[in-house]
Amino acid sequence: MTRSSPVLPAAPSPAKLASPDQGDASPAIRATRKADVAGAPPREAPARIASKATGPKMPAKTSTKSPGKTPAKVPQGELFLLDSPLHGEIRGERSLMAFPFFALSKNAWMKPLSYRTDTVTIEVRPSASGVATIYDKEIVLYIASLMAAKLEAGDEVAQDFVFTAHDLFSVTGSNHSARSYGRLSEALERLQGTQIKTNIEAGGEGEEGFFSWLSEAKLHYSKTRSGERRLKAIKVRLCDWLFRAILLDRHVLDYAIAYFQLGPIERRIYEVARSTGDGDGFEIDLPTFRLQIGYQNPLANFRAALKQIAGTDTIPDYHLELVDTAVEPEEPGRRGRKANPVRVMITRRPIALAPALSSEPLPDSPPSPDPRSSTAEPLDSAASNSEISGSGESPATDSDHAFK
């Protein structure tokens, strides 16, 4: 990252500098200086003096700076060394796929989350703006993907990442609208404010206490002549826990592109299926699956939601099925009807069927709506960008969008 040169203290006036022949030095010091000067080899003339004798005489430049002013600032575009754009697949750390660290909500979730089994405990506390949601997780996945790509390329990695919102939106399939930029600011606030405590070790080390997904999150912007702010870049610092997990454990799995078109529950089903065992599928009882997904509403609501998801069958790479198991004989004299126990079966689709569920729309088909919005918004296109930026050219950087 290029930094501006530090401001040095002003040099003292030449009248105050002591020369070798000044009378304020003692006779012994003056004698020593004369001996040093006499024994020193002759100095070479500076290059600028030699060129003055041989080259054409250049007119002297008139300085426009007043004494005591700091040097001119580096242009805004050179202040950041970007880690974007992302070259490669979207990837995520395996523990973040397997366990419910994020709220399954489109709006602010203000209640704490907890997950407890015999081996794993997770506690998530909200900030003033709520718990980080499954949609906020897109930023964490994007950062993890940048880090994984650097590791594969043999580059050095650090916890600080600088990227553009334009590339983030392009990778996750979000539209490049002012509304998306507003949601980005809110998501960063939740990722920095949410407090997580877990006994899951990362990089062979455990932590006692709470941490946030991002220990630092800043939006860097410039101002136009009219005073409007233009987003230039986003700088974040990844938490120690996740940084160690990616760097040392290397349990990183790729995501299907269609993941970003799914709703909250479908996203968690895909993540659990992808991270469980060898990723070929599994069978599990309904209450345990509800805990693993992180669903907060009653079990009956969860069963109804899974039944609807199984009917649409839109989870990429996996097929979900609900199976009613045999009911034990009712006890004599017991009233009421006992519901059949339900088990969830998830199987991996044959590879031959994968192209049929590709996330890329057909040439004549409309783009899929953004699941984060209650109303469908168009994905990025040259036409929509020209409406946002007010010109006929599509924007390539965040500076073409207003940030409020």
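Taken together, the values in this text are just the output of simple stated rules run on the coordinates, not laboratory data. The structure presented is a predicted model; accordingly, all values stated were derived computationally and were not measured. Positions of Cβ are generated from backbone atoms using ideal geometry, with glycine treated the same way; all protein chains shown enter the neighbour counts.
A Förster radius of 45 Å combined with the Cβ-Cβ distance from Leu151 to Ser226 puts the calculated FRET efficiency at roughly 0.55.
Label positions at Asp313 and Ser170, each projected 7 Å from the Cα along the C-beta direction, are separated by 3.6 nm.
The phi-based Karplus calculation (6.51 cos²θ - 1.76 cosθ + 1.60; θ = phi - 60°) puts the 3J(HN,Hα) values of the stretch 247-260 at 6, 9, 6, 6, 8, 10, 10, 7, 10, 6, 4, 5, 4, 6 Hz, whole numbers, x for Gly and Pro. Ordering Arg125, Arg91, Arg225 by the number of other Cβ atoms within 10 Å of each residue's own Cβ, fewest first, gives Arg225, Arg125, Arg91. In order along the stretch 319-325, the Karplus-derived 3J(HN,Hα) couplings, from 6.51 cos²θ - 1.76 cosθ + 1.60 at θ = phi - 60°, round to 10, 10, 9, 9, 10, 7, 8 Hz, and Gly and Pro are given as x. Between Asp160 and Glu283, the contour length at 0.36 nm per residue exceeds the alpha carbon distance by 40.3 nm. Derived scalar couplings between HN and Hα for the stretch 226-241 equal 7, x, 6, 7, 10, 5, 9, 7, 10, 10, 10, 10, 6, 5, 4, 4 Hz in order, rounded to whole Hz, by the Karplus curve 6.51 cos²θ - 1.76 cosθ + 1.60 (θ = phi - 60°), x for Gly and Pro. Annotation for Lys218 and Thr347: the two label points, set 7 Å from Cα along the Cα-Cβ direction, are 5.4 nm apart. Pair-distance distribution P(r) for the stretch 238-294, from all Cα-Cα distances in 5 Å bins starting at 0: 4, 15, 21, 20, 22, 14, 4, 0 percent. Measuring r between the beta carbons of Lys111 and Leu291 and using R0 = 25 Å, the FRET efficiency lands at 0.95.
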